[in-house]
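Enquirer: Here it is, the structure, as structure tokens.
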Amino acid sequence: MITPLKPSASHLCIAAMLTIYVTKAQAACSPNACEAPIDQLMPFADGHVRVWLDADMSPLDCTLTGDGATVITASDPGAENIYSFLLSASLANRNVFVRITNGSNPCSIGYVKFDD
């Protein structure tokens, strides 16, 4: 009879670190877009939402907020759909592709999709 292997705490720790490394390695931004996991979503009472991705967003061709976020404003076309999509992706721990509107100030999101 074969005895199944029982993972030790060190095996689980190594697996967790590799998962984090692989996720971080896939995160990247260009002037037009970012492909990364969602770091944080912050909805405000006035309807706008700040979005941070787990990547260096400085290459984006737009003006990030003072705290480094992109913004969905309530008046943006499809704002509710974009926020709903990002919220779902965040809850599912999925990487997203976020296309920004070039030259926007504050940095606005044009469209989003799953990155895998």
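Enquirer: Can you find even one residue in segment 96-114 that is of a type in the set (V, I, T), more than 13 Å from C29 (Cα to Cα) and in contact with a Pro (Cβ under 7 Å, 6 or more places away or on another chain)?
Expert: Looking for residues that are of a type in the set (V, I, T), more than 13 Å from C29 (Cα to Cα) and in contact with a Pro (Cβ under 7 Å, 6 or more places away or on another chain), one finds none in segment 96-114, hence no.
Enquirer: Let me spell it out: the conditions are (1) among the hydroxyl-bearing types (S, T, Y); (2) surrounded by fewer than 18 Cβ atoms within 10 Å (Cβ to Cβ); (3) modelled with pLDDT of 95 or more, and S8 meets all of them except one. Which number is the exception?
Expert: (3)
Enquirer: Here's another thing I want to ask about it. Test D76 against the criterion of being over 15 Å from K113 (Cα atoms) and in contact with an Asp or Glu (Cβ under 8 Å, 6 or more places away or on another chain), and give yes or no.
Expert: Working: over 15 Å from K113 (Cα atoms): yes; in contact with an Asp or Glu (Cβ under 8 Å, 6 or more places away or on another chain): no.
So D76 fails the test.
Enquirer: Could you tell me whether any residue of segment 77-88 is farther than 21 Å from A27 by Cβ and in a loop (DSSP other than H, G, I, E, B)?
Expert: yes
Enquirer: What do you reckon, is I72 in contact with a His (Cβ under 7 Å, 6 or more places away or on another chain) and modelled with pLDDT of 95 or more? Even if it seems obvious, please write down each step before you answer.
Expert: Numbers: in contact with a His (Cβ under 7 Å, 6 or more places away or on another chain): yes; modelled with pLDDT of 95 or more: yes.
Answer is yes for this residue.
Enquirer: Something else about it: Every residue in segment 95-116 that is at pLDDT 95 or above, assigned to a loop (DSSP other than H, G, I, E, B) and either within 13 Å of the chain's Cα centre (by Cα) or closer than 19 Å to M42 by Cβ (or both), please.
Expert: S104, N105, P106, C107
The values are calculated or read from the model by the stated rules, or taken from the named source; none is laboratory data. In this text, all values refer to a predicted model and were calculated from it rather than measured experimentally. Methodologically, a virtual Cβ is constructed for each residue, glycine included, from the backbone with ideal geometry; neighbour enumeration extends over all protein chains shown.
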